[in-house]
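Colleague: Okay, handing you the structure first.
Just so it is clear, none of the values below were taken in a lab; they were calculated from the coordinates. Keep in mind that what you see is a predicted model, and the values were worked out from it rather than measured. Ideal geometry is used to build each Cβ from the backbone, glycine not excepted, and the neighbour counts take in all protein chains shown.
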Amino acid sequence: MKELKYRELLKDKKRIVVKIGSSSLHHMETGELNLTKMERLVRELCELKNQGKDVVLVSSGAIAVGKKILNVSPNETPMKQACAAIGQARLMMIYERLFAEYNHVTAQVLLTKQTIVNPDSRLNAENTFKELLKLGVIPVVNENDTVAVHEVEDTFGDNDFLSSIVSVLTGADLLILLSDIDGLYTDDPRSNKDAKFIPLVESLDESYMLMGKDTTGSRIGTGGMSAKLHAATVAVNAGCDMIIANGEDVSVIHKIVEGRNHGTLFIGKRDDRFNIAGYVGMTR
């Protein structure tokens, strides 16, 4: 079976980007960080690193953490950016302590859309990632919400898209998007009980893009299936396989890398004509 062949190849992936969203990091009832889940996530990533693989984590959650610390519900951009500044520091402190428990070093990397559009800053970002990974460091990446200007469309829009950009910058061969859904369906399964699960996408064409929904199942997270399909567009054109999987149980990470049948697998097919800066520049 073709899917089994593709799944088997996942065992040989050498550089893996994992993205986890705000909804997966927080307790929905209280908005507080789910520290048990964060510890399990870190343990999964450290185990991949111990196997000799390069690992990059793209983590949302800074604004949500800042909002909880300040006990505010910001609507204006300056307050959101203040929450991001406070929350990012707290989030990174927790990640650093958790990774240190398993004897791994982390580094914080904050990106903006302009980092990618500008060729000089994009090269600098690539060189930074290259050096960090060569040193055996696990980069923890987020958008730099403290300086990105949302009103003038200066942001990536969501960390699904950002994680696909990071996959390009790092030359990753696998991107795992941990979501609140099992993968890609023909329609939103929350509203359509007849929606069919799609385990494998060999060629990402317009018919799949039309299946994307902008809705998300969480009041904390942003983006939806549409955002994930745009991320897939970037990843597969860079030759990077991508998987959308349910992040409720983060042990799905090692199961995916073992070649087990979890999530929707998008097969990477490098297109040398694909211009990452151009695509990012015209995408909100």
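Colleague: Along the charge dipole of the chain, which of GLY52, PHE129, ALA107 sits closest to the positive end, that is, farthest toward it, with unit charges on the beta carbon of Lys, Arg, Asp and Glu (+1, +1, -1, -1)?
Modeller: Final value for the positive-end residue is GLY52.
Colleague: Starting from the Cα coordinates of region 167-208, work out the convex hull volume and express it per residue in Å³. Write out the running numbers ahead of the final one.
Modeller: On the way: hull volume 4.5 nm³, N = 42.
In region 167-208, the Cα hull volume divided by residue count equals 108 Å³.
Colleague: Extension gain HIS254-ASN127, at 0.36 nm per residue separation less the Cα-Cα distance, in nm?
Modeller: Values: separation 127, 0.36 × 127 = 45.72 nm, distance 2.81 nm.
Taking HIS254 through ASN127 to full extension adds about 42.9 nm, to one decimal.
Colleague: Dipole size in debye (nearest 20) for the chain around its Cα centre, Lys and Arg Cβ +1, Asp and Glu Cβ -1?
Modeller: Numbers: 34 positive and 38 negative charges, 110 e Å.
Around 520 debye, computed over the chain.
Colleague: Could you work out the Rg to Rh ratio of the chain, with Rh taken as the Kirkwood radius (inverse of the mean 1/r over all Cα pairs)? Walk me through the numbers before you get to the answer.
Modeller: Working: Rg = 17.6 Å, Rh = 18.9 Å.
Computed over Cα atoms, the ratio is 0.93.
Colleague: Oh, and also: Considering only DSSP beta bridges whose two residues both sit in the chain, what percent are antiparallel, to the nearest 5? Walk me through the numbers before you get to the answer.
Modeller: Details: 6 of 33 bridges.
The answer is about 20 percent antiparallel.
Colleague: Right, here's the next one. Sort region 34-178 into rounded, prolate or oblate with this rule: let a ≥ b ≥ c be the square roots of the eigenvalues of the Cα gyration tensor; rounded if a/c is under 1.5, and if a/c is not under 1.5, prolate when a/b is larger than b/c, oblate otherwise.
Modeller: Numbers: a/c = 2.11, a/b = 1.19, b/c = 1.78.
Oblate shape, in that a/c is at least 1.5 and b/c is the bigger or equal ratio.
Colleague: Using a ≥ b ≥ c from the Cα gyration tensor of region 26-108 (square roots of the eigenvalues), is it rounded, prolate or oblate, where a/c under 1.5 gives rounded and otherwise the larger of a/b and b/c decides, a/b for prolate? Spell out each step's value before the answer.
Modeller: On the way: a/c = 2.82, a/b = 2.06, b/c = 1.37.
Since a/c reaches 1.5 and a/b is larger than b/c, the shape of region 26-108 is classed as prolate.
Colleague: Now a separate question. Once a ≥ b ≥ c are taken as the square roots of the eigenvalues of the Cα gyration tensor of region 87-153, is the result rounded (a/c under 1.5), prolate (a/b larger than b/c) or oblate (a/b not larger than b/c)?
Modeller: Details: a/c = 4.97, a/b = 1.39, b/c = 3.57.
Oblate is the answer for region 87-153, as a/c is 1.5 or above yet b/c matches or exceeds a/b.
Colleague: Which pairs, out of LYS13/LYS49; LYS37/LYS255; LYS80/LYS130; LYS49/LYS269; LYS13/LYS134; LYS49/LYS130, put more than 20 Å between their alpha-carbon atoms?
Modeller: Numbers: LYS13/LYS49 12 Å; LYS37/LYS255 16 Å; LYS80/LYS130 31 Å; LYS49/LYS269 26 Å; LYS13/LYS134 17 Å; LYS49/LYS130 16 Å.
In this structure, LYS80/LYS130; LYS49/LYS269 exceed 20 Å between Cα atoms.
Colleague: In whole Å, how far is the Cα centre of region 16-83 from that of region 192-208?
Modeller: Cα centres, region 16-83 to region 192-208: 28 Å.
Colleague: If I take R0 = 45 Å and measure r between the Cβ atoms of LEU210 and LYS14 in this structure, what FRET efficiency does the formula 1/(1 + (r/R0)^6) give, to the nearest 0.05? Walk me through the numbers on the way to the answer.
Modeller: Values: r = 33 Å, r/R0 = 0.74.
Here the calculated transfer efficiency is 0.85.
Colleague: So how do 241-247, 190-196, 45-51 stack up, highest first, on mean other-Cβ count within 10 Å?
Modeller: Details: 241-247: 24.1, 190-196: 10.6, 45-51: 17.4.
Final packing ranking: 241-247, 45-51, 190-196.
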